[in-house]
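Structure first, then comments.
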Amino acid sequence: MNESEIRDRMAARLLTAQTPWGRARLNFYVKWKRVAWNFTTGFAHFLKRVFDIFISLIAMVMLSPVFIFIGVAVKLDGGPIFFRQTRYGLNGREFGMLKYRSMCVDAEAKLKDLLAKNEKKEGITFKMKDDPRITKIGKIIRKTSLDELPQFWNVLKGEMSIVGPRPPIRREVELYEQRHRRRFNVKPGITCLWQVGEREGGLFEIGDRNSIDFEEQVDLDVRYIESQSFWKDLWLLVKTVPAILFGKGA
């Protein structure tokens, strides 16, 4: 269909809409499209929620010995087992994200003194190779991403999803530009495109997430939001395992 034919069809629809019967048909068409869209998006959200609950329950049951072992190891290291931090999720709402504590108890207070050594040039996210706040046990569980396991509880509560943009902290959100806030259009997740290093969209692509700067993280999160699907979520979850095993998520 060429441009001239498209214009002719649009003109015909406009003329039709000027009659009572034409307006009725047009209104019915618009309402039907709206209902169809709401049903499609609603079913997609329902399927994603079922997926989140199912995977979280399976993971928490199968990995329960790992949960207990890490909890004991962290406790013996001194201090509380869990670290609860305020993060921002869907529509910018605050929630308490859980992690196994991998840093010293006063890590948040010490951050201000370390910001000058931030390896991330944009300064929004923080990364330091030899962060003195990380405990001995913390180095191990962070290297293997085992410190993230308690977030399955956040997923069960509906605050997070298995796959989605990582939830930011307050300091990061305060530095956001308007386009960065598109991340709040979906629930935050445990894993995402840049967590597994998928930059080019390759089916089997796994890369080093540490080489991805903040702006590219946002671009990848937006790409995910615009093209998310059940099968994409499932495949990203599968790719997260080798990304951790081969050290790409360290």
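Each reported figure results from applying straightforward, stated rules to the coordinates on display, with no laboratory input. Only a predicted model underlies this, so the values are computations on that prediction, with no experimental measurement involved. Virtual Cβ from ideal backbone geometry, glycine too; neighbours counted across all protein chains shown.
Per residue of segment 207-213, what does 6.51 cos²θ - 1.76 cosθ + 1.60 with θ = phi - 60° give for ³J(HN,Hα)? Whole Hz please, x for Gly and Pro, Karplus curve as stated.
x, 8, 5, 5, 8, 9, 7
Hey, fewest Cβ within 10 Å first, where do Val66, Val74, Val222 land in order?
If I rank by nearby Cβ atoms, fewest first, I get Val66, Val222, Val74.
For segment 20-245, rounded, prolate or oblate, judged on the Cα gyration tensor with a ≥ b ≥ c (square roots of eigenvalues), a/c < 1.5 rounded, else prolate if a/b > b/c?
Since a/c reaches 1.5 and a/b is larger than b/c, the shape of segment 20-245 is classed as prolate.
Could you tell me, in Å, what Rg and Dmax come out for the Cα atoms of segment 149-194?
11.1, 31
Can you list which of the trypsin sites (Lys or Arg not before Pro) found in segment 53-118 are DSSP loop residues with at most 14 other C-beta atoms within 10 Å?
Loop-located and lightly packed - Arg93.
Take the residue pairs Lys129/Lys239; Lys99/Lys143; Lys110/Lys143; Lys129/Lys187; Lys157/Lys187; Lys112/Lys136 and return only those whose Cα atoms are more than 18 Å apart.
The pairs that break the limit, which is 18 Å between Cα atoms, are Lys129/Lys239; Lys110/Lys143; Lys129/Lys187; Lys112/Lys136.
Give me the distance in nm between label points sitting 7 Å out from Cα along the Cα-to-Cβ direction at Val238 and Met128, one decimal.
A separation of 4.0 nm, rounded to one decimal place.
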